Amino acid sequence: MNRVEAPGRVDGRTARAERTRAAIVEAHLALISEGDLRPTGERIAERAGISLRTLWTNFKDMETLFEASGAEVLRQQDAAYRPISPGLPLAKRVDAYCRQRARLLQLIAPSARAAQMRELVSDQLHRNRLKHIDRVRGEVEELFAAELEQAGRGREQLLHALVGASMWPAWSMLRDGLGLGVDQARAVMARTVGALLAEVAAG
């Protein structure tokens, strides 16, 4: 005869499993934020206060953990995101957009650096990056819709230029490659984005 689990027992077990998974993701991201860009399962399990077996019971491999951690980073970005009115003058939109991009890029900096190291051998990290690109593309299309429409046949090229100028690789070049501070890097981004849009608006 099959046993039927009591609803309370099932709900409690599910809640515990969710808490364990959340603790693993938190431990993974915490280690990365502290500079351990390639944390092993052993270090993640130790940080989460669980056994290695429990870690791999909840996540079958690093790819599934990358997926969950990537979703948490996106959730943190969503929580920090503040809508910008497309009705603002162009200069104010550019300034607000670049200030927000700088803030969000600093938020994801540790996980972005870690992902750079492994993306070539991780399909999931590549999918995570595409989600970030899609979100920025959507924001640019909404915030600078008027200027993109003015660009006519050059719309896609302008869109790609704007997205490329405000994604992690460009930010990493400014911060890590050129050694600029956050405000300096943001000013360079604003100059680039502003110049791209001003050229279309002037035409």
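When the charge dipole of the range 64-135 is built from unit charges on Cβ atoms (+1 for Lys and Arg, -1 for Asp and Glu) and taken about the Cα centre, the candidate among L74, A115, L105 whose Cα reaches farthest toward its positive end is L105.
From Cα pairs below 8 angstrom and at least 6 apart in sequence, can you work out the relative contact order of the range 149-203, rounded to a whole percent? All intermediate terms of the calculation are to be shown ahead of the outcome.
Values: 21 pairs, mean separation 22.3, N = 55.
This gives 41 percent for the range 149-203.
Axis of helix 155-165 versus longest Cα principal axis of the chain: the two differ by about 60°, to the nearest ten degrees.
GNM on the chain, alpha-carbon springs under 10 angstrom: the most fluctuating residue among Q106, Q157, Q76 is Q157. The Cβ shell under 11 Å around R47 holds other residues with a net charge of -4, Lys and Arg each +1, Asp and Glu each -1.
Between L178 and S85, the simple label model (points 7 Å from Cα in the Cβ direction) yields a spacing of 3.2 nm. Summed over qualifying helices (DSSP H, 4 residues or more, each -39500 (n - 2.57)) and divided by its residue number, the chain shows a 222 nm mean residue ellipticity of -25000 deg cm²/dmol. Solvent-accessible area of L107, all protein chains in place: 70 Å² (probe radius 1.4 Å, heavy atoms, ligands and nucleic acids excluded). Highest mobility in the GNM of the chain, judged by mean-square fluctuation with C-alpha springs under 10 Å and restricted to A15, A146, A161, is found for A15.
Given a 1.4 angstrom probe, what's the average accessible area per residue across the chain, in square angstrom? Walk me through the intermediate numbers first.
Details: 11880 Å² over 203 residues.
Ligands and nucleic acids excluded, the figure is 59 Å² per residue.
Each of K60 and R103 was given a label point 7 Å from its Cα along the Cα-to-Cβ line. The distance between the two points is 4.0 nm. Computed about the Cα centre, the dipole magnitude for the chain is approximately 320 debye when only Lys and Arg (+1) and Asp and Glu (-1) carry charge, each at its Cβ. Farthest toward the positive end of the dipole of the chain, out of S172, G138, A27, is the Cα of A27, where the dipole comes from beta carbon charges about the Cα centre.
Tell me the relative contact order for the chain as a rounded percent, counting alpha carbon contacts under 8 Å between residues six or more apart. Before the final figure, lay out each step's value.
On the way: 142 pairs, mean separation 39.3, N = 203.
After rounding, I find 19 percent.
The values are calculated or read from the model by the stated rules, or taken from the named source; none is laboratory data. What you see is a predicted model, and the numbers here were worked out from it, not measured in a lab. Ideal geometry is used to build each Cβ from the backbone, glycine not excepted, and the neighbour counts take in all protein chains shown. In case anyone asks, the SASA skips ligands and DNA or RNA and just uses the protein heavy atoms, side chains included. Shrake-Rupley method; radii C 1.70, N 1.55, O 1.52, S 1.80 Å.
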